[in-house]
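Colleague: Dumping the structure here so I can ask a few things about it.
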Amino acid sequence: MPTTIFDGFLLARLLHGGAANLKANKQTVNDLNVFPIPDGDTGDNMFLTINAGAVAAGDGSDSLSQTAGKAASGMLLGARGNSGVILSRIFAGLAKGFEGVETADVRALGTAFESGVKEAYGAVSVPVEGTILTVLKDSVAFANGNIRADSTLESYFADFTRELQLSLERTPDLLDVLREAGVVDSGGAGLGYIIDGFLSVLRGKEIAQSGSAPSEAPQSVDLDAFTENSVLEFGYCTEFLLRLQTSKIDVDAFETDELIDYLNSVGESVVCFREGTIVKVHVHTMNPGNIINKMQEYGEFLTFKMENMTLQHNENHMTEKLAPKAKLPHKPFGVVSVAAGEGIKDAFVSLGCDAVVDGGQSMNPSAQDLIAAFRRINADVILVFPNNSNIIMTAKQAAQLYTDADVRVVPTKTIGEGYAAISMLDTSSGDPDAIVAELEEVIADVVTGMVSRAVRDTEMNGVAVRKDDFIGFVGDTIHTACETRNEAAVKLCEATNARRYDIMLLVCGSDATDEEAQALCKALKKQYRRTEIVMINGCQPIYDYIIILE
């Protein structure tokens, strides 16, 4: 039977259907990677973002306005990567469009989507056409232009999907980088799978639930990482949804402050917020049983997930590496950095970072992960170094959501920029604006080169690349493609005129052997005698070498 009324229950079903469909196709979206290296993560980021919204929406038993608000809040906290942030802003716009309404008709849905377009464009400082923004705008304009008196939700989303695919096919015509790589925009493709999932639900197709927690459990667990002789050191990552119960407390008068105080007394990395009668909690604790018993004084669990953090493999849940003291004393300025690889994280801690959040290319932290780090730092001003262009928007979103400190995002796009900026950090002036401005000048003079293995044949920037070649690149520019990682690193240094710089940091990845790294360092020291060369065993994934020139 045709559907004409949009309510909270239907929105919740669509969110789960859209998330499930994207989950089934996220690798396809990941593979739409402009760069020919194994760092595509758009599908993962968008799935984790919309899944966080689907979980927050619950069963949709509230009004459309309340359900949309819950979903938007869940996505804002769960957003990962630029595509995830934009997706979260789309649904924030939808929530604004549904404010105060129990249900909506097709025309009201179209108006709400227009709000979603406006919100998504507003989230990007310099909107680029040929991306998910264009695909969304074109789809909404076409679907809204075809609304008639007899339109149904099925017909609306059918029109939406039809134009979405056409707009997606046009993205290479708008972006040279897509045309050169021979792919369409990955964010637009991810949105397409979500809307396809919506339409499938409306047409009565059963789609498996996307999940019961904002992030998936690790796909593989190294059981040998915690044996009968191990000692629990890191505790348990504990997440749950708690439904407050009127039989236990005065729900209307309940404030989360008392819960937050308790959780901070028994754990770390606390995130706790309320949506209606549901409380969402994330905490790292040595004794989850005590928390379970305490929480049942307030309500009953809807979902519960607990993982021994020794077994976590940084796949979806991001942990932090903290400076030596678990509870930091108050200070004017605190520092949060994002990095992947134990060696790199240790290096950032040694530079003075209060917390280093796991993350980087292919494993972007969520806004909630960053907020958890902010909560641990007892500072008036928190400086955040994303160290990846795909994390800057998430960091800014986290900064807007966190109100207990003045959070400033220093827009570092690479590990090299972050390392140089933090090593030059001087907070003695006490002026956050001046400090950030000085750091932006520092990062403008830093060059970060990367070496990684190619996953497909391609030709970019006039460089022919064969699958399994090692490519050397800076930003979006490939400078060389070679048969060995060391040869690629040497030629990358030549292409970037490394002799002009005083300092070179050679950060070695997890795939580069000690023998290879030592040989490369020796060769570079011989070639660049006037440059101070420092080698760091970064243990980072994806990139065999990161070469930082200052």
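The values are calculated or read from the model by the stated rules, or taken from the named source; none is laboratory data. Computed from a predicted structure; not experimentally measured. As a convention, Cβ positions derive from the backbone with ideal geometry for all residues, glycine included, and neighbour counts pool all protein chains shown. Accessible surface is based on the protein model in full, side chains and every heavy atom, while ligands, DNA and RNA are left aside. Shrake-Rupley method; radii C 1.70, N 1.55, O 1.52, S 1.80 Å.
Colleague: Only residues in the range 111-135 that are within 18 Å of residue 400 (Cα to Cα) count as the first member; pair them with residues that are open to solvent by 10 Å² or more (accessible area, probe 1.4 Å) and in a loop (DSSP other than H, G, I, E, B), Cβ under 7 angstrom, at least 6 apart or cross-chain, and list the lot.
Modeller: 121/127
Colleague: Which of the numbered conditions does residue 483 fail, given that it passes all the others? Conditions: (1) of a type outside the set (Lys, Arg); (2) out of contact with any His (no Cβ under 6 Å at 6 or more places or on another chain); (3) within 18 Å of residue 361 (Cβ to Cβ).
Modeller: Status for residue 483: all satisfied but (3).
Colleague: Which numbered condition in (1) under 20 Å from residue 352 (Cβ atoms); (2) surrounded by 20 or more Cβ atoms within 10 Å (Cβ to Cβ); (3) touching a helix residue (DSSP H, G or I) at 6+ places or on another chain (Cβ under 6 Å) is the only one that residue 423 fails?
Modeller: The one condition residue 423 does not meet is (2).
Colleague: Which ones in the range 509-536 are open to solvent by 60 Å² or more (accessible area, probe 1.4 Å) and either in contact with a strand residue (DSSP E or B) (Cβ under 6 Å, 6 or more places away or on another chain) or aliphatic (A, V, I, L, M) (or both)?
Modeller: 510, 525, 532, 535 - these are the residues of the range 509-536 that are open to solvent by 60 Å² or more (accessible area, probe 1.4 Å) and either in contact with a strand residue (DSSP E or B) (Cβ under 6 Å, 6 or more places away or on another chain) or aliphatic (A, V, I, L, M) (or both).
Colleague: To continue, here is another question. So, in the range 199-227, of the ones that are at pLDDT below 80 and of a type in the set (D, E, K, R), which residue ends up nearest to residue 70 (Cα to Cα)?
Modeller: Checking each candidate, the answer is 216.
Colleague: Something else: List the pairs whose first member sits in the range 525-550 and is without any contact (Cβ under 8 Å) to a residue 40 or more places away in the chain, whose second member is among the small types (Gly, Ala, Ser), and whose Cβ atoms are under 8 Å apart, counting only residues at least 6 apart or on separate chains?
Modeller: Short answer, once both residue conditions are applied: 528/498; 531/498; 535/517.
Colleague: Continuing with this model, one more query. Of all residues in the range 233-261, which are surrounded by fewer than 18 Cβ atoms within 10 Å (Cβ to Cβ) and hydroxyl-bearing (Ser, Thr, Tyr)?
Modeller: Selection gives 246, 247, 256.
Colleague: So which pairs qualify, if the first residue must be in the range 17-44 and within 20 Å of residue 55 (Cβ to Cβ), the second must be of a type in the set (Asp, Glu), the Cβ gap must be under 6 Å, and the two must be at least 6 apart or on different chains?
Modeller: These pairs meet every condition: 21/196; 26/44.
Colleague: In addition: From the list 94, 77, exactly one residue is among the aliphatic types (A, V, I, L, M) and open to solvent by 20 Å² or more (accessible area, probe 1.4 Å). Which is it?
Modeller: Result: 77 is the single residue among 94, 77 that is among the aliphatic types (A, V, I, L, M) and open to solvent by 20 Å² or more (accessible area, probe 1.4 Å).
Colleague: Regarding the range 509-528, can at least one residue be identified that is within 22 Å of residue 388 (Cα to Cα) and either in a strand (DSSP E or B) or among the aromatic types (Phe, Trp, Tyr) (or both)?
Modeller: Yes, the conditions are met somewhere in the range 509-528.
Colleague: Would it be correct to say that residue 171 is farther than 17 Å from residue 18 by Cβ and crowded, with 21+ Cβ neighbours inside 10 Å?
Modeller: So residue 171 passes the test.
Colleague: Looking at the range 280-301, which of its residues are modelled with pLDDT of 85 or more and either in contact with a His (Cβ under 7 Å, 6 or more places away or on another chain) or open to solvent by less than 30 Å² (accessible area, probe 1.4 Å) (or both)?
Modeller: 285, 288, 291, 295, 298, 299
Colleague: Only residues that are touching a residue at least 60 places away in the same chain (Cβ under 8 Å), at negative phi and touching a Lys or Arg at 6+ places or on another chain (Cβ under 9 Å): list them for the range 53-62, please.
Modeller: Passing the criteria: 55, 56, 62.
Colleague: Exactly one condition in (1) surrounded by 14 or more Cβ atoms within 10 Å (Cβ to Cβ); (2) closer than 26 Å to residue 60 by Cα; (3) of a type outside the set (Ser, Thr, Tyr) is false for residue 270; which is it?
Modeller: With (1) surrounded by 14 or more Cβ atoms within 10 Å (Cβ to Cβ); (2) closer than 26 Å to residue 60 by Cα; (3) of a type outside the set (Ser, Thr, Tyr) applied to residue 270, the lone miss is (2).
Colleague: For the range 80-91, enumerate the residues that are open to solvent by less than 40 Å² (accessible area, probe 1.4 Å) and either more than 25 Å from the chain's Cα centre (by Cα) or charged (D, E, K, R) (or both).
Modeller: 80
Colleague: Do we have residue 311 as open to solvent by 10 Å² or more (accessible area, probe 1.4 Å), at pLDDT below 80, over 20 Å from the mean Cα position of the chain (by Cα) and farther than 28 Å from residue 541 by Cβ here?
Modeller: Against the criterion (open to solvent by 10 Å² or more (accessible area, probe 1.4 Å), at pLDDT below 80, over 20 Å from the mean Cα position of the chain (by Cα) and farther than 28 Å from residue 541 by Cβ), residue 311 does not qualify.
Colleague: Within the range 125-137, is there a residue that is hydrophobic (A, V, I, L, M, F, W, C) and surrounded by fewer than 16 Cβ atoms within 10 Å (Cβ to Cβ)?
Modeller: yes
Colleague: Return the residue satisfying two criteria in turn: it lies in the range 449-487 and is open to solvent by less than 30 Å² (accessible area, probe 1.4 Å) and assigned to a loop (DSSP other than H, G, I, E, B), and of such residues it is modelled with the highest pLDDT.
Modeller: Among those that are open to solvent by less than 30 Å² (accessible area, probe 1.4 Å) and assigned to a loop (DSSP other than H, G, I, E, B), it is 469.
Colleague: Right, something else. For the range 364-406, what are the residues that are part of a strand (DSSP E or B) and open to solvent by 20 Å² or more (accessible area, probe 1.4 Å)?
Modeller: 380, 406
Colleague: Only one of (1) at pLDDT below 90; (2) in contact with an Asp or Glu (Cβ under 7 Å, 6 or more places away or on another chain) is not met by residue 325, so which one is it?
Modeller: Failed condition: (2).
Colleague: Quick one: residue 143 ticks every box in (1) surrounded by fewer than 19 Cβ atoms within 10 Å (Cβ to Cβ); (2) farther than 24 Å from residue 52 by Cβ; (3) of a type outside the set (S, T, N, Q); (4) out of contact with any Pro (no Cβ under 7 Å at 6 or more places or on another chain) bar one, so which box is it?
Modeller: The number of the failed condition is (1).
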